[in-house]
1. For residues in the range 96-145 being under 29 Å from VAL192 (Cβ atoms) and out of contact with any helix residue (DSSP H, G or I) (no Cβ under 7 Å at 6 or more places or on another chain), which is most open to solvent (accessible area, probe 1.4 Å)?
2. Hey, can you tell me all the residues within the range 153-181 that are touching a residue at least 24 places away in the same chain (Cβ under 8 Å), assigned to a helix (DSSP H, G or I) and in contact with a Lys or Arg (Cβ under 8 Å, 6 or more places away or on another chain)?
3. Being farther than 23 Å from PRO143 by Cβ, modelled with pLDDT of 90 or more and open to solvent by 30 Å² or more (accessible area, probe 1.4 Å) is the requirement here; does ARG44 meet it?
4. Could you look through the range 49-82, keep only residues that are without any contact (Cβ under 8 Å) to a residue 24 or more places away in the chain and out of contact with any Gly (no Cβ under 6 Å at 6 or more places or on another chain), and pick out the one that is most open to solvent (accessible area, probe 1.4 Å)?
5. Would you please name the residue that is farthest from VAL161 (Cα to Cα), looking only at residues in the range 51-72 that are among the charged types (D, E, K, R) and more than 16 Å from the chain's Cα centre (by Cα)?
6. Please go through (1) free of Cβ contacts under 8 Å to residues at least 24 places away in the same chain; (2) surrounded by 19 or more Cβ atoms within 10 Å (Cβ to Cβ) for LYS200 and return the number of the only condition it doesn't satisfy.
7. I need a count of the residues in the range 209-229 that are of a type outside the set (Asp, Glu) and either surrounded by fewer than 16 Cβ atoms within 10 Å (Cβ to Cβ) or touching a Cys at 6+ places or on another chain (Cβ under 9 Å) (or both).
8. Take the range 10-25 and flag every residue that is within 25 Å of the chain's Cα centre (by Cα) and more than 29 Å from ASP130 (Cβ to Cβ).
Amino acid sequence: MATRALVRDWRAGRLDFRFDCAMPHEPARPDRPELHPARDMPRRGKGGSERGRIALWHSLAHIEFTAIDLALDMVGRFGGGMARGFTDDFLSVAADEAMHYALLDRKLRTMGSHYGALPAHAGLWEAAQDTRHDVAARLAIVPMVLEARGLDITPMTLERVRAQGDANGARILSRILDDEIRHVRFGTKHFVDEVKKRGKTPESYWQTLVREHFRGRLKPPFNDSARESAGLSRSFLDGIA
C-alpha cells in the first residue's frame, strides 16, 4: 500500500524530481521470512502436494516482494542521473510488483498460509548490492537477466497450475507474465540508451557485464517470443548462453 501511494503521489505531481537523500545499503524487511543463501534452500518439488503448492506460491510471493524493493532502489539510486522517463518507468514497475505481491499473499492466505511462513533466499538482493555502483550493470542483471528468466519459466509453471485445475492461480500467473514483459522492455530500453551514450555496443557490453556480475549460468529453455516482445533479442544471448 505504501508503494502504491508513493506512485500515485508521483503521478499526481506531489513529489519533486529531486534525489538528495542517500539510499540505504539495503531495505527494511519484516522479521519473516528468514533469508538464507540460495545454495542452502531445499529443492522445491513440482507442486503436486498441498505443501509443495504452498512452497511454490510462497517463493513467487518472495520474488515479487523483493522486486518492489529492486524497482524502488533502481529509482532512488540512479534516477537522478537519468532522464525523467526512467523514474516514470521504474515507479510503474514498483506499482506492478506491489500489486503482484498482494495477489500472491492473498493466494497464500486462501491456502491457510502467509508470506513469511517459510524461509526464502537472499539471492535477488545480492544482485542489487553487486551492481549498486553502476546503472548499466543494474539494468543488465536485474531486468535483463533475473526478470527475463521469469519470462522463460513462468509459462511452464502456468501450465502446471492449469493442469492442477487452479484457475485463480493461472490468472495470477498470466497477469504477472504480461506485466513482466513490459518490465524487461523498460530495462532493455534504458540499458541500450545508456550504453550507446557510453559508445558501447549493447549486446557485447551486456555480455561483459553479465560475465562480471551474474553468478549463475544462462541456460535454456528461453522464451524467445516473450524476450523479443521485450526488446531482448536472441543476439544478446549469442556466445554467452
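1. Filtering first and then ranking leaves HIS133.
2. ARG160, ASN168, GLY169, ILE172, listed by residue number.
3. no
4. ARG51
5. Within the range 51-72, the match that is farthest from VAL161 (Cα to Cα) is ARG51.
6. LYS200 satisfies every listed condition except (2).
7. So the count comes out to 9.
8. ARG11
The values are calculated or read from the model by the stated rules, or taken from the named source; none is laboratory data. These numbers come from a predicted model, not from an experiment. Here the Cβ is made from the backbone with ideal geometry for all residues, glycine too, and neighbour counts use every protein chain on show. Ligands, DNA and RNA are excluded from the accessible area calculation, which covers all protein heavy atoms including side chains. Shrake-Rupley method; radii C 1.70, N 1.55, O 1.52, S 1.80 Å.
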